[in-house]
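What follows is calculated from the coordinates using simple rules that are stated; it is not laboratory data. Note that the structure is predicted; figures quoted are calculated from it, not measured. Heads up, the Cβs are rebuilt from the backbone with ideal geometry, glycines too, and the neighbour counts pull from every protein chain shown.
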Amino acid sequence: MDEFAFDEVVRANWADFAGLFESRGGPKSCWCMAWRGSPAETRRRDGASRRAAIKARIDGGTPIGILAYRDGTAVGWCSIAPRETYRRLGGPDDQRMSECVWSVACFFIKREFRSQGLMRKLLGAAIEHARRRGATVVEAYPVDPGSPSYRFMGFVDAFADAGFQEVGTAGLRRHVMRLAVADHS
């Protein structure tokens, strides 16, 4: 398999992010705002409003996630950002003041790059990105493979294989899993 490169989404690569989301099968109606939107933003459900909301966050310097590139083209996405930049994601709310928790809330991979292990590579790159940005804990909310919903949040086995431990549940389907990144290598 060809090598992938990973880069944080910032103003300079907005066109890559937008191109991925607007590509065939891309999440152009969501723009990864499902867990980020303010009450006013969640009332505006159209793609254009959500696109503008995520762009405003990027332009303002708010971390939103990383892109996976192959041959200079964005082919995958992982939403990884400080937990406080999201609405309540569920699960236990036992964050200690000494922790800097970053949350993984979404993945998108172009269809032709699926089933090649890219999600796990994105997860590894996301963990490293969060650690470099000061995270002490990475938290995720994956589902079991047979789940009829929330599949975009990833699957439990991928997180367990990366060293995450289950610490609770969020709703009926999502598992809350955590990894202490200070100990992660």
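Phi angles of the range 84-89 translate, via the Karplus equation with coefficients 6.51, -1.76, 1.60 and θ = phi - 60°, into HN-Hα couplings of 5, 7, 10, 5, 4, 8 Hz per residue; Gly and Pro are given as x.
Go through 105-112, 123-130, 22-29 and give me the packing order, highest mean Cβ count within 10 Å leading.
Working: 105-112: 19.5, 123-130: 21.8, 22-29: 13.9.
Highest mean packing first, the order is 123-130, 105-112, 22-29.
Cross-link partners of Lys55 among lysines, defined as those whose alpha carbon lies under 18 angstrom from its own and excluding same-chain residues fewer than eight positions apart: Lys28. In this Cβ point-charge picture (+1 for Lys and Arg, -1 for Asp and Glu), the range 30-107 has a dipole of about 340 debye about its Cα centre. Normalised by the number of residues in the range 1-66, the average gap of Cα pairs under 8 Å and 6 or more apart makes the relative contact order 42 percent. Charge dipole (Cα centre; +1 on Lys/Arg Cβ, -1 on Asp/Glu Cβ; no other charges) of the range 5-180 amounts to roughly 540 debye. Charge dipole of the range 135-185 (Cα centre as origin; +1 on each Lys and Arg Cβ, -1 on each Asp and Glu Cβ, all else neutral): 220 debye, rounded to the nearest 20. Counted as membrane-span-like here are DSSP H helices of the chain whose alpha-carbon atoms extend 20 Å or more along the helix's own axis and whose Kyte-Doolittle mean is -0.5 or above; these are 118-132. The candidate values are [x] 29, 19, 15; [y] 23, 20, 17; [z] 40, 16, 14; the one derived from this structure for semi-axes √(5λ) of the Cα gyration tensor in Å carries the label [y].
In the calculated pair-distance distribution of the range 130-185, the portion above 16 angstrom amounts to 40 percent of the Cα-Cα pairs.
The share of Cα pairs per 5 Å bin across the range 29-98, counted from zero up to the longest distance, runs 3, 14, 22, 22, 18, 11, 6, 3, 0 percent.
Among Gly163, Gly65, Gly171, the residue with the largest mean-square fluctuation in a Gaussian network model of the chain, with springs joining Cα atoms closer than 10 Å, is Gly171.
Between the listed residues Phe164, Gln116, Ala105, the Cα displaced farthest toward the positive end of the dipole of the chain, a dipole computed from Cβ unit charges relative to the Cα centre, is found at Ala105. Relative contact order, whole percent, for the chain stands at 19, derived from Cα pairs under 8 Å and 6 or more residues apart. Counting only lysines at least 8 places from Lys121 when in the same chain, those with an alpha carbon closer than 21 Å to its own are Lys110.
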